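The values are calculated or read from the model by the stated rules, or taken from the named source; none is laboratory data. Just so it is clear, the structure is predicted and the values come from calculations on it, not from any experiment. Glycine also receives a Cβ, built like all others from the backbone with ideal geometry; neighbour counts cover every protein chain displayed.
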Amino acid sequence: MRVASAAAVLLFGCVALTAQTAAPRIEPAREAAPPAAASAPPAHLEDGEIGFSYSLPQDWTLVPPPPPRKSDVPYPESLGGKKGNACIQVALTAKHGEPSSAVIVMTLPFACYGQILQSRDLANLGAGAAQGLKQTYKIREPVEGNYSLGDHAVWIERAKGTPKGHPNRSFIFETVCTVLAKGAVCWQAVAADWDSLRDFERSPLTLEGTSYAALVPDRAFVSDPK
């Protein structure tokens with residue numbers, strides 16, 4: 001199978017408004033305190049359907065999903081339920097820093113997909129997920145690896161590259177995939193710097209109720225990321 005993904009980074013802006021009033025022969029009124037900014041939701045994912053969780057550091061910003069696309073079909077229910085690659089879900093998107101790094105988590109529930117993948121399918125699953133990056137970036141120097149988190153086999157690929165049309169900007173790409181009993185999961189990083197990649201790799205997770213300190217343990221892939 002082939003899983004396609006493209007990372008989208010949203011830019012946010014904010015405008016601070018202040019007001020000050022004064023009256024004759026009296027002290028100027030104090031500047032009104034701006035309303036407290038709402039704290040951004042944590043970049044944390046708890047997926048009860050497949051059975052895993054993943055948490056990025058607090059300085060990563062959760063990117064809300066886009067609104068669902070409206071169907072042009074008059075009676076979409078007549079087409080039946082989703083199947084195959086249409087079952088792929090983007091479960092989490094987060095960004096960090098400037099220029100922005102991005103992390104995307106994709107899931108494939110087997111109940112929707114119609115078949116159960118095994119550890120032997122990880123290479124195809126991961127290669128399909130990594131293939132989606134080539135739509136936006138020129139990828140070079142891909143290196144694959146394998147490791148385990150408990151009883152779970154994990155496939156990983158790291159590469160370097162530049163956005164098409166912007167050869168002066170470089171990124172590190174990393175795709176990590178595993179298979180659980182109820183579905184497959186792929187984590188993908190588009191990192192503008194090595195610190196962001198380390199955040200991605202060292203963030204804690206759970207797989208089917210078992211906790212792990214990092215998505216990519218030390219020396220599981222390469223000893224020196226550079």
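Is it true that Leu197 is under 16 Å from the mean Cα position of the chain (by Cα), of a type in the set (A, V, I, L, M), over 23 Å from Gly51 (Cα atoms) and modelled with pLDDT under 95? Criteria not met by Leu197. Can you find, within segment 196-214, the residue that is nearest to Thr136 (Cα to Cα) among those that are of a type in the set (D, E, K, R) and in contact (Cβ under 8 Å) with a residue 60 or more places away in the chain? Only one residue fits best here, namely Asp199. Annotation: of all residues in segment 120-133 being surrounded by 16 or more Cβ atoms within 10 Å (Cβ to Cβ) and touching a strand residue (DSSP E or B) at 6+ places or on another chain (Cβ under 8 Å), the one that is farthest from Trp60 (Cα to Cα) is Asp121. Taking segment 99-114 as the range and being part of a loop (DSSP other than H, G, I, E, B) and free of Cβ contacts under 8 Å to residues at least 40 places away in the same chain as the test, only Gly114 passes.
Residue by residue, here is whether (1) buried (at least 16 other Cβ atoms within 10 Å of the Cβ); (2) within 15 Å of Gln131 (Cα to Cα); (3) of a type in the set (Val, Ile, Thr) holds:
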{"residue": "Arg158", "(1), (2), (3)": "yes, yes, no"}
{"residue": "Thr162", "(1), (2), (3)": "no, yes, yes"}
{"residue": "His166", "(1), (2), (3)": "no, no, no"}
{"residue": "Phe173", "(1), (2), (3)": "yes, yes, no"}
{"residue": "Val176", "(1), (2), (3)": "yes, yes, yes"}
{"residue": "Val190", "(1), (2), (3)": "yes, yes, yes"}
{"residue": "Trp194", "(1), (2), (3)": "no, no, no"}
{"residue": "Phe200", "(1), (2), (3)": "yes, no, no"}
{"residue": "Gly209", "(1), (2), (3)": "no, no, no"}
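Within segment 139-192, the set of residues being under 30 Å from Gly114 (Cα atoms), more than 19 Å from the chain's Cα centre (by Cα) and free of Cβ contacts under 8 Å to residues at least 40 places away in the same chain comprises Glu144, Asn146, Ser148, Asp151, Ala153. The strands (runs of 3 or more DSSP E) found entirely in segment 115-206 that carry 2 or more residues being within 20 Å of Leu92 (Cα to Cα) are 152-163, 171-179, 183-191. When the test is whether a residue is at pLDDT 95 or above, out of contact with any Cys (no Cβ under 8 Å at 6 or more places or on another chain) and of a type in the set (D, E, K, R), Lys182 passes it.
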